[in-house]
Amino acid sequence: MASVTIDGRTYEFEGRPRLLQFCLDHGIEIPHFCYHPSMSVPANCRQCLIDVGALMRNRATGALERDEDGAPIIRYMPKLQTSCSHTLSDGQVIHTRRTSQKVAQAQRDNLEFLLINHPLDCPICDQAGMCPLQIQAYKYGPEGSRFEFKKTHKPKKVKLGPRVVLDAERCINCTRCTRFTDEISKSHQLTIIERGVKNYPMTPPGMTFDEPYSMNVIDLCPVGALTSADFRFQARIWEMSSAPSITTTNAKGSNCNYWVRDNLVLRVTPRENPAVNEFWLPDEDRMAYRRFNEDRPEGPQVRTRGAFHAASWEDACAYAARLLRGAGKRALFLASAHAPVEDNYLLIRLAAAVGGRVAGFIEHMEPGHGDGWLRTDDRAPNSEGCRRLGLAPVGAEMLREEIASGAVGALYVLDDDPVGAGLVRSEDLSDIPVILHHYHTTNETLLSADVALPSATVAETIGTYVNEDGRAQRVVPAKAVRGAHRTLMMQMGLSRADRHGTPFDRWHNESNLINCKPGWEVLPMVARAAGCDFMDRGPRKVMREVADTFEAFAGATYKVMGLGGHSLPPR
Amino acid sequence: MATKAGDWRSYQRVLLPPVRDLHKLSVYGDYAALRKVLAEYSPQEVAGIVKKSGLRGRGGAGFPTGLKWSFMPPIKAGVPRFLCCNGDESEPGTFKDRQLMEFNPHQMLEGILIANYAITAKTCYLYVRGEFADWITLIDAELAKAYEANLVGDNIMGTGFSTDIVVHKGAGAYICGEETSLMESLEGKRAYPRIKPPFPAQSGIWGYPTTINNADTLACVPPIIKRGAEWFAGIGAPGHPGPILYGISGHVNCPGVYEYPSGMLITDLLEEVAGGMRGGKALKAVVPGGASVPVLRADMIDGVTMDAGSLKKAGSMLGTAGMLFLDEDTDMVAFLRRVTRFYHHESCGQCTPCRDGTGWMENLVTRIDEGEGNLRDLDLLLDLCNQMEGRTVCALADAAAWPVRNTILRFRKDFEAKCRSSMWTAKTVA
Ligand SMILES: Cc1cc2nc3c(=O)[nH]c(=O)nc-3n(C[C@H](O)[C@H](O)[C@H](O)COP(=O)(O)O)c2cc1C
Ligand code: SF4
Ligand code: SF4
Ligand code: FES
């Protein structure tokens, strides 16, 4: 097999890998800015320099040439090479900055150039704290600057589109953003304008940067030149904690991180997963975070004599149980494509325990919304999970007829809004008791509900979602809910990079805590209140039971799913 | 004092011959060299003749033309191949291609057609600097006549060989003269030079095999065909033969473009061709090949001839043979200030060292020129040269660094005289 020597160590390789990627894959750090593994390689930042040599061989015999001491002679290329664009070939001798003074100096020189016209406004820059320029300048850059002139001035606070704002002075012209629109999203909505040191990215005349994937350039930008119109100046990076999760605005289940401070989700960024979304996230997934913070219900409610009253969880569950018992066989359950597999499974078990029937789940299709990439026609995250549990979409007509014929003695709705979804009208529900698990006070079915049980959202719960392609993925809580729950707290501790939240993050104080509970906690409470033999075992064990029971979930334990998900066998 | 140009005084011009109205097809004639090539030679033979002639590129780098043609990969069905003629002439002090386009465009067009034949290209893009609007109009009109006469286009002169010439107008950026940047520009993109490898012969215009040559280089081809490779190889300096269009400017009595054999003594060009220094002043410096090549002090040009070898020994380069003569009154700091301004203005801004370094250099030289500079600025400038050279995608950063380095090193006194004497400014001392 072919091999190269990097900093004195020999590595084997196959094919023709690019040196920078090869080094990154092998844990060798090489400072760089413009290179991105999924895009073309323009080698324009000139930061990733390395020294490349080859062993000299005798032309005729092919034997290694040696000096007087018998050491092989290495001939180095006259210029330093950019490792991002350098393809490895057998026998090369590579020196990175770790073993070459020349390379280290060249990289220091380059950082000096990068900084002379950079505004260095880190104290007010959104990128500070996770900025490749800042980090690499501190690690490898020169001390101070020899530049004693006025920096170039360029436009600031330019709204490129509805969601992306440019500060051209911070731009280091790496062209990652323009390459993204040219090569990945293919919207061609960004281009570099002007020349030389005045260069900056801009939309072509008459265009706005409004493509559905525009916000990806914010993550791609190695400096704070491209910022989110929405998140700009909302929080410093180090004030937030992030939790690995998935997005739930559609059935793709793109992997993401939820960034939280004081128990409010402030932004959503993509999390790399080659099997799902690679490095990208549609704007709709990022902009949908407010629903974790706003219009949230304050604890369970029960309707008595026509009016809604706050109730304790125990009382609310007991009332729900009474209504279910009263309905007996006529209790009808609606599963949810918004709820995780665990909750839906427990709903099926609850229905069986009280002798009722699960009608199916409510589908949320929006034909024409999908784009064959990361947006889908299906606007709910777990339709596939419901199907794999043997559930089918509920038809509006069938449901209305059933209600009209008096076959429904109580309607139990998990995490959905049948009225808002147009499945039934409020009038249809006026005569039957309705038990509703809900996320938001805007839920239109609330008006007809007799028991309202606030649900933990994807940002607060533990659970499994199955995307359109049959990939089962776990979520962990990014923010806390009111009332201590050991499982949630432990998972949250584990999921947050810092385990406790930063000193700037008051996640444990009472403000912004929502009084809600995950389905897998509430459903067993209702079941027990109804006198059923139902153990509260936590989501991990529930999922194991699902994996053991359903062929369609074979192998999907928390351990197997990990953070990257698990591809389920075809259904 | 040995000129390599032999009996240059009796040299007969072939690129810009003294013929009235040569730019007209009727005067130029009907492409005899092309006719000869199509009738007598295979493409390989044409490339062989050019290789034997020793012709080296006139675009600045002096690469052997025949060798460049031979880099084209074997012909593959369905894979188009292109020739590109670089007429973007924008290097300061260079104005030779312009003369060709004005006075002898057909020789360039004929050269293009022969090169197209030699590399089996069906299309040549002729990229002309946009400011040459008048000559573009002229070339368009003359090209139309050539098409009419079936010297270009389908089935040329009934030989079965078909090829097209497409004239493309540049939009005023120096960087578009860099070969890969020119291709990006042709493709309708931003003129950012590409990283090499891959070289144009592997992946040029739209990713297809492409050969690119300077307009002057291609205009040399018809005479080579007509008079033979030996004739051409016998003109001027052996390692760098052929006629050279010397573009002479600066403080001389008769500036202009002069066609003479390569290997002319710089002193001959100054005294006998350009009529000596204006007002009888003494020579101070010569930039022998366009603004980017290292400047030579007057005392460095004794016996130096205009060919790659001799100039290299003297510490400079032939470049485009655009010669700038500066007299004793010249302020070398002001000169360098103008040069750095040019490269600052023309850097495409793709690579960090060039984008930020060129501007910094201009800042520093301007400060020195205005009497505000410090001695340590000179060392900083030399540092910046080191930090830019050889670390960029294209050679513009090198072209920007060479004049800075060499003007400072060769005229350090001029610079020191303009700097404050100590590295501390008056203010800090007080
Ligand atoms: C910054 C830069 C500018 C250039 N400008 C020109 C130009 O204006 N005209 C030209 O013929 N070659 C120019 N060149 C050289 C071309 O890249 C290329 O080497 C040349 O066209 C090849 O032709 P030749 O082999 O016939 O010399 C430039 C090179 C660089 C690096
Ligand atoms: S805005 Fe950011 S991503 Fe775009 S070129 Fe500038 S530094 Fe690169
Ligand atoms: S060296 Fe300068 S002109 Fe050439 S590609 Fe880099 S930035 Fe552009
Ligand atoms: S990462 Fe290699 S040049 Fe930018």
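The values are calculated or read from the model by the stated rules, or taken from the named source; none is laboratory data. What you see is a predicted model; the values in this text were computed from it and never measured. Cβ: placed from backbone, ideal geometry, glycine included. Neighbour counts: every protein chain shown. Protein only, heavy atoms only, side chains kept; ligands, DNA and RNA dropped before computing areas. Shrake-Rupley method; radii C 1.70, N 1.55, O 1.52, S 1.80 Å.
With both bridge residues required to lie in region A:116-228, what share of the DSSP beta bridges run antiparallel, to the nearest 5%? Around 100 percent antiparallel, to the nearest 5. Counting only protein heavy atoms and a 1.4 Å probe, region B:5-233 has 40 square angstrom of accessible area per residue.
What does the helix-only formula give at 222 nm for chain B: each DSSP H stretch with n ≥ 4 adding -39500 (n - 2.57), the total divided by the residues, and the result rounded to the nearest 500 deg cm²/dmol? Walk me through the numbers on the way to the answer.
Values: 18 runs with 173 residues, N = 430.
Per the formula, -11500 deg cm²/dmol.
Accessible surface buried by the B/A pair amounts to about 2700 Å², both sides summed, 1.4 Å probe. Stretching A:Asp295 away from A:Thr87 to a fully extended chain increases their span by 69.5 nm, per 0.36 nm per residue minus the current alpha-carbon distance. Taking the Cα centre of the protein assembly as shown as origin and assigning +1 to Lys and Arg Cβ atoms and -1 to Asp and Glu Cβ atoms, the resulting dipole is close to 1320 debye. For B:Lys122, the lysines whose Cα comes closer than 24 Å to its Cα, not counting residues fewer than 8 places off in the same chain, are B:Lys36, B:Lys51, B:Lys68, B:Lys76, B:Lys145, B:Lys169, B:Lys189, B:Lys226.
Counted residue by residue at 0.36 nm each, then reduced by the alpha carbon distance between them, the extension gain from A:Arg305 to A:Ala229 reaches 22.6 nm.
Within region B:386-401, whose backbone N sits under 18 Å from a point 7 Å along Cα→Cβ of A:Gln101? Hits in region B:386-401 for A:Gln101 at 18 Å: B:386-387.
Roughly how many Å² is the accessible area per residue of region A:2-113, as a whole number, for a 1.4 Å probe?
48
Could you work out the per residue convex hull volume over the alpha carbons of region A:116-228, in cubic angstrom? Before the final figure, lay out the partial values.
Details: hull volume 12.3 nm³, N = 113.
Per-residue hull volume (Cα only) is 109 Å³.
Kirkwood-type hydrodynamic radius, the protein assembly as shown: 33.6 Å, calculated from all non-identical alpha-carbon pairs.
Using θ = phi - 60° in the Karplus curve 6.51 cos²θ - 1.76 cosθ + 1.60, the 3J(HN,Hα) couplings for region B:193-205 round to x, 9, 6, 10, x, x, 7, x, 4, 8, 8, x, 5 Hz; x is entered for Gly and Pro. Per-residue 3J(HN,Hα) values for region A:530-537, derived from phi via the Karplus relation 6.51 cos²θ - 1.76 cosθ + 1.60 with θ = phi - 60°, read 7, x, 8, 7, 9, 8, 8, 10 Hz in sequence order (x marks Gly and Pro). Considering only B:Thr352, B:Thr217, B:Thr392, the mean-square fluctuation computed in a Gaussian network model of chain B, springs between alpha carbons under 10 angstrom, is largest for B:Thr352.
In region A:34-64, burial by the other protein chains removes 40 Å² or more of 1.4 Å probe accessible surface, compared with the chain on its own, from A:Asn44, A:Arg46. Suppose every K and R has +1 on its Cβ and every D and E has -1 on its Cβ; what is the size of the dipole of region A:2-113 about the Cα centre, in Debye to the nearest 20? So the dipole magnitude of region A:2-113 works out to roughly 280 debye. Once the partner protein chains are put back, region B:356-377 shows a loss of at least 50 square angstrom of accessible area, versus the chain by itself, at B:Asp356, B:Trp360, B:Asn363, B:Arg367 (probe 1.4 Å, ligands and nucleic acids excluded).
Which FRET efficiency value, to the nearest 0.05, is calculated for A:Asp377 and B:Phe63 with the Förster distance at 41 angstrom and r the Cβ-Cβ distance? Each step should come with its number before you reach the end.
Values: r = 57 Å, r/R0 = 1.40.
The calculated FRET efficiency here is 0.10.
Rounded, prolate or oblate: which fits region B:247-300 when a ≥ b ≥ c are the square roots of the eigenvalues of the alpha-carbon gyration tensor, with rounded for a/c under 1.5 and prolate only if a/b beats b/c? Let's see the in-between values first.
Values: a/c = 1.41, a/b = 1.02, b/c = 1.39.
The shape class here is rounded.
Run the paramagnetic zone check for A:Lys329: 7 angstrom along Cα to Cβ, then residues of region A:401-436 with backbone nitrogen under 14 Å. Under 14 Å, as judged by backbone N against the label point of A:Lys329, lie A:407-409 of region A:401-436. Taken per residue, the accessible surface of region A:116-228 reaches 41 Å², heavy atoms only and a 1.4 Å probe. Straight-distance candidates among the aspartates and glutamates for linking to A:Lys102, with alpha-carbon spacing under 15 Å and chain neighbours fewer than 8 residues away dropped: A:Asp7, A:Asp51, B:Asp383, B:Glu389. Each principal axis of the Cα cloud of chain A was evaluated for its coordinate range; sorted largest first, these ranges are 97, 56, 44 Å. Helical content alone sets the calculated 222 nm signal of chain A at -6500 deg cm²/dmol, taking -39,500 (n - 2.57) per DSSP H segment of four or more residues and averaging over every residue.
Got a number for carbon plus sulfur as a percent of the protein assembly as shown's accessible area, 1.4 Å probe? On the protein assembly as shown, the fraction of accessible area on carbon and sulfur atoms equals 52 percent. Classify chain B as rounded, prolate or oblate from the Cα gyration tensor: take a ≥ b ≥ c as the square roots of its eigenvalues, call it rounded if a/c is under 1.5, otherwise prolate when a/b beats b/c and oblate if not. Prolate, since a/c reaches 1.5 and a/b exceeds b/c. On the beta carbon distance between A:Glu401 and A:Ala421, with R0 = 22 Å, the FRET formula returns roughly 0.80.
Assign unit charges at the C-beta atoms only (+1 for Lys and Arg, -1 for Asp and Glu), then state the dipole size of region A:116-228 relative to its Cα centre in Debye, rounded to the nearest 20.
On the way: 15 positive and 12 negative charges, 57 e Å.
With Lys and Arg at +1 and Asp and Glu at -1, about 280 debye.
Restricting attention to region B:5-233, close to 10% of DSSP beta bridges with both partner residues there are antiparallel.
Modelled label positions at A:Phe504 and A:Met287, each set 7 Å beyond Cα in the direction of Cβ, lie 2.6 nm from each other. DSSP assigns beta bridges within chain B; of those with both partners inside it, close to 45 percent run antiparallel.
Estimated at 0.36 nm per residue, the fully extended path between A:Glu148 and A:Ile73 surpasses their Cα-Cα distance by 22.6 nm.
For region B:5-233, what class follows from the C-alpha gyration tensor (a ≥ b ≥ c being the square roots of its eigenvalues): rounded when a/c is under 1.5, otherwise prolate if a/b is larger than b/c, else oblate? Numbers along the way, then the final one.
Values: a/c = 1.27, a/b = 1.13, b/c = 1.12.
Rounded.
Near A:Lys150, which lysines are there with a Cα under 29 Å away, not counting those fewer than 8 places off in the same chain? Result set, ordered by chain and number: A:Lys139, A:Lys159, A:Lys198, B:Lys413, B:Lys418, B:Lys427.
Once the Cβ-Cβ distance of B:Lys76 and B:Glu271 is raised to the sixth power relative to R0 = 60 Å, the FRET efficiency obtained is 0.65. With the charge dipole of chain A set up from +1 on Lys and Arg Cβ and -1 on Asp and Glu Cβ about the Cα centre, the Cα lying farthest toward the positive end among the listed residues A:Leu120, A:Thr175, A:Ser145 is that of A:Ser145.
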